[in-house]
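Trainee: Below is a structure I'd like to ask you about.
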Amino acid sequence: MKDMDFAQSININWFPGHMTKAKREMQEKLKLVDMVIELRDARIPNASRNPMIEELCQNKPRVIILSKKDKAESEKTKQWIKALTNGKVKVLALDIPKENITPVVVAAAQEVMKEKIERQKRRGIRPRAIRAMVVGVPNVGKSTFINKVVKKRIAQTGDRPGVTRALKWARVNQQMELLDTPGVLWPKFEDPMTGMYLAACGSIRDEILPIEEVAVWMMHALCRKKPNAIQERYQVEICDDPHQMFEIIALSRGYLKANGIIDQKRCMDAFLKDVRQDKLGCITWEEPNGNGKSI
């Protein structure tokens, strides 16, 4: 069975009320900014591309930041950067918590704003600080990004979606100001794989997910993509049936209830935690080809 077959049987969507409000506020604030900094998850650069944000941002100059590059496969990240870059868009991959990102981000913003800045200089206008709106899907690292660029705690952070609820300004330096925005998803995923990828990477709250079905899909995908990582982590042989894989791992690890019955939920929870904490190594869920080239 293909990944798509698993995904098509599961309907995943998450568009709470605060996202509707955020979309409206973003629309109003766009006229106040010069450009957009869009964060995407380096593990799912296409699935974490919000078409609603693209519609809102229209022709604003844009920098795309592939966050969490430490969790993605480096060679595939390079291929994604090449696929997404064009004349109007600058693409960077960053390990936001560990790198000194401020000079890199400011330089990238100045690059995409170069034409406008030079036009202002020719007209005798002294360029002011670049104003950039920071956008992206939930849990992609926007607040961590802003705090790191500004070099102090401005935005509330959390390793879960939906932490930022309001728009707020943050001054980087004399060259740049940032407008933080809540993570926004869109009302309906046209491609069922999009919901699965977002769920796998924690961009949708686990509480509203059919989490067991998501875990089964992830196991099926990783047995094909990363069979050696599964074998090494759990010391088991790979089989084609993801349900059976959970049974094998549960027996191997002693995930049993008092009556000796396999505790599949405990096994699935442990597996999800392992994947999200990189215990199976770096994973790029989306291949950099096909529709990946479309931004």
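Trainee: Cross-link list LYS23/LYS60; LYS23/LYS76; LYS168/LYS273: which exceed 23 angstrom alpha carbon to alpha carbon?
Mentor: Numbers: LYS23/LYS60 16 Å; LYS23/LYS76 31 Å; LYS168/LYS273 32 Å.
Beyond 23 Å between Cα atoms: LYS23/LYS76; LYS168/LYS273.
Trainee: Region 206-253: which GluC sites (Glu not before Pro) are DSSP loop and have at most 11 other beta-carbon atoms within 10 angstrom? Provide the component values of the computation, followed by the final result.
Mentor: Working: sites: GLU207, GLU212, GLU213, GLU232, GLU237, GLU247; in loops: GLU237.
Those satisfying the criteria are GLU237.
Trainee: What aspartates and glutamates could a cross-link reach from LYS142, if we take a straight Cα to Cα line under 14 Å and drop same-chain neighbours fewer than 8 places away?
Mentor: Excluding near neighbours in sequence, the set is GLU38, ASP41, ASP95, ASP159, ASP180.
Trainee: Same structure, new question: Where a Cα-Cα gap under 12 Å defines reach, which aspartates and glutamates qualify for LYS88, not counting those fewer than 8 residues away within the same chain?
Mentor: In chain and number order, the partners are GLU111, GLU115.
Trainee: Using Cα positions and a limit of under 16 Å, work out the lysines in reach of LYS279, with same-chain residues fewer than 8 apart set aside.
Mentor: Answer for LYS279, where 16 Å is the Cα cut-off: LYS68, LYS69, LYS71, LYS225, LYS226, listed by chain and number.
Trainee: Determine the distance separating the Cα centre of region 185-232 from the Cα centre of region 70-96; give it in Å without decimals.
Mentor: Between the Cα centre of region 185-232 and that of region 70-96, the gap is 22 Å.
Computed from the coordinates by the stated procedures, all read-outs in this text should not be read as laboratory data. Only a predicted model underlies this, so the values are computations on that prediction, with no experimental measurement involved. Every residue, glycine among them, receives a Cβ derived from its backbone with ideal geometry; neighbour counts consider all protein chains shown.
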